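The values are calculated or read from the model by the stated rules, or taken from the named source; none is laboratory data. Only a predicted model underlies this, so the values are computations on that prediction, with no experimental measurement involved. Cβ coordinates were reconstructed from backbone atoms using ideal geometry, including for glycine residues, and neighbour counts include every protein chain displayed.
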Amino acid sequence: MAESGKKRRILVVDDAPETLEVLERNLASRGYQVHTASGVDEALRVLEAQAIDLVITDYKMPRVSGLDLVRHVRENLTDTEVMMITGYASIGGAVEAVKYGAEDYLAKPFTDEELSDAVEHALDRLRTRRAARSRSEKEVSESYGILGESEAIHKVFRAIGKAALTSATTLITGESGTGKELVARAIHYSSPRASAPFVPVNCGGIPEGLLESELFGHIKGAFTGATETRAGFFQTADGGTIFLDEISETSLAMQVKLLRVLQDKEVCMVGDVHSRKADVRVVAATNKDLHSLVEKELFREDLFFRLSVITITVPPLAERGDDILILARYFAGKFAQESGKQAVRFSDTAVRVLKDYDWPGNVRELENIIQRLTVMADGNLIDAPDLPSLMRFSAPRRTRLHRTLAEVEREHIRNVLTGVNNNKTRAAEILGIDRKTLREKLKANKNS
């Protein structure tokens, strides 16, 4: 009965005190940890405060019925089983209960053995589901380099497993450096398309004038310099997956062409008049808020809906708790092996600094810092003073009120750029300006 040596937690919901008492005594005698509630409102409070394995609820209750509780559990709690008991047994009631997700349905009166069998059956389903999910998440984590034990990253593992089962277009969102391409690769290599190519394309790194040719290919003579017919990334990815990173950087004109490819499953090479079938799964990624860009008419709404059939949000490193230490130790081992040095260790104070830092550059920033520490450290123990100054606490200094506004702005821009490893796109987002304005300010500061 016990899973990993832990007592299974059961919540019993019934408006009859005598029924609650009997069920609680019966289940507790079998080794379960039992919680009780006399109505749905009280049950919801228990579910918010406790991780419950199984909810057993009465059908007929005042104000809010057991069916509403069943529906709530099924739509909000993926790791909780639910079953219904009632003294108003009917085929219609059973059908309704099953419709809302109660796989087990017990009619009163029932024997102790019937209750025990139903509970064990429900918990067996839960154990099977957890085991399957655990194996799937472990395979994703170990096979594709996505490390972590936090619930936030396990949610991503579960989403990868579901996305891999289909060829639906997928949009991966998240801040710069969170590992969006790793997620895209995990989806591809966990899918039936794994033996076909995975083709990553940085849409922001290809000049606008060349992007169409790079994506769709061109025929000989299509433009000056097109001395031969050349296939594009979509043709290269045939049967596999194309990963369109920084999709938000594409122009509205290019977005129209991408939308046509997604709708028709065909590509037309530059200079050609005939389209060709494209059996390609499209995974796109962005570190920007596409909703906001749609509202500003900088991104097509119809393309956004086409891209986001499945959406996976990769959490920022600051929201992943102890994953920071798991990743730090992994990178320490990796760079020690590459450099032939002993892996660095972290003092308790350094660990606290690592966990308290905001990590604007996320996993990429952490990797860069650990590489620098591996190369530059005198010994193998890293203490807080060894970490970059921007990560450490600094006592407040007297405000220098004699500085001009331009000097304050210049210093703030410098600090932000340092904090994001000179990533101008990320710096512009933090400063609330566009990249062009940031470039102009940097140029003005340089000349001043």
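Taken as a whole, the range 229-236 holds at least one residue that is of a type in the set (Phe, Trp, Tyr), outside the structural domain of Lys424 (by TED's automatic domain parsing) and surrounded by 14 or more Cβ atoms within 10 Å (Cβ to Cβ). Each residue in the range 61-88 was checked for being free of Cβ contacts under 8 Å to residues at least 40 places away in the same chain, in a loop (DSSP other than H, G, I, E, B) and touching a Gly at 6+ places or on another chain (Cβ under 9 Å), and 2 of them qualify. Taken over the range 251-292, the criterion of being of a type in the set (A, V, I, L, M) and touching a Ser or Thr at 6+ places or on another chain (Cβ under 6 Å) is satisfied by Val270, Val282, Val283.
Residues checked against (1) assigned to a strand (DSSP E or B); (2) more than 18 Å from Arg435 (Cβ to Cβ); (3) at pLDDT 95 or above:
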{"residue": "Gln235", "(1), (2), (3)": "no, yes, no"}
{"residue": "Asp238", "(1), (2), (3)": "no, yes, no"}
{"residue": "Ile242", "(1), (2), (3)": "yes, yes, yes"}
{"residue": "Gln255", "(1), (2), (3)": "no, yes, yes"}
{"residue": "Gln263", "(1), (2), (3)": "no, yes, no"}
{"residue": "Val273", "(1), (2), (3)": "no, yes, no"}
{"residue": "Val282", "(1), (2), (3)": "yes, yes, yes"}
{"residue": "His291", "(1), (2), (3)": "no, yes, no"}
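Scanning the range 336-346 for residues that are among the hydrophobic types (A, V, I, L, M, F, W, C) and either part of a strand (DSSP E or B) or surrounded by fewer than 19 Cβ atoms within 10 Å (Cβ to Cβ) (or both) gives Ala336, Ala343, Phe346. Here Thr311 qualifies as among the hydroxyl-bearing types (Ser, Thr, Tyr), surrounded by fewer than 16 Cβ atoms within 10 Å (Cβ to Cβ) and under 29 Å from the mean Cα position of the chain (by Cα). Against the criterion of being within 30 Å of Arg364 (Cα to Cα), touching a residue at least 60 places away in the same chain (Cβ under 8 Å) and hydrophobic (A, V, I, L, M, F, W, C), Leu303 does not qualify. Can you confirm whether the range 347-359 contains a residue that is within 21 Å of the chain's Cα centre (by Cα), surrounded by fewer than 22 Cβ atoms within 10 Å (Cβ to Cβ) and in a helix (DSSP H, G or I)? Checked the range 347-359: at least one residue is within 21 Å of the chain's Cα centre (by Cα), surrounded by fewer than 22 Cβ atoms within 10 Å (Cβ to Cβ) and in a helix (DSSP H, G or I). Number of residues in the range 20-60 that are free of Cβ contacts under 8 Å to residues at least 60 places away in the same chain, closer than 19 Å to Thr111 by Cβ and of a type in the set (Val, Ile, Thr): the value is 2.
Quick check: is even one residue across the range 162-175 part of a helix (DSSP H, G or I) and under 18 Å from Thr286 (Cβ atoms)? Looking through the range 162-175, at least one residue is part of a helix (DSSP H, G or I) and under 18 Å from Thr286 (Cβ atoms).
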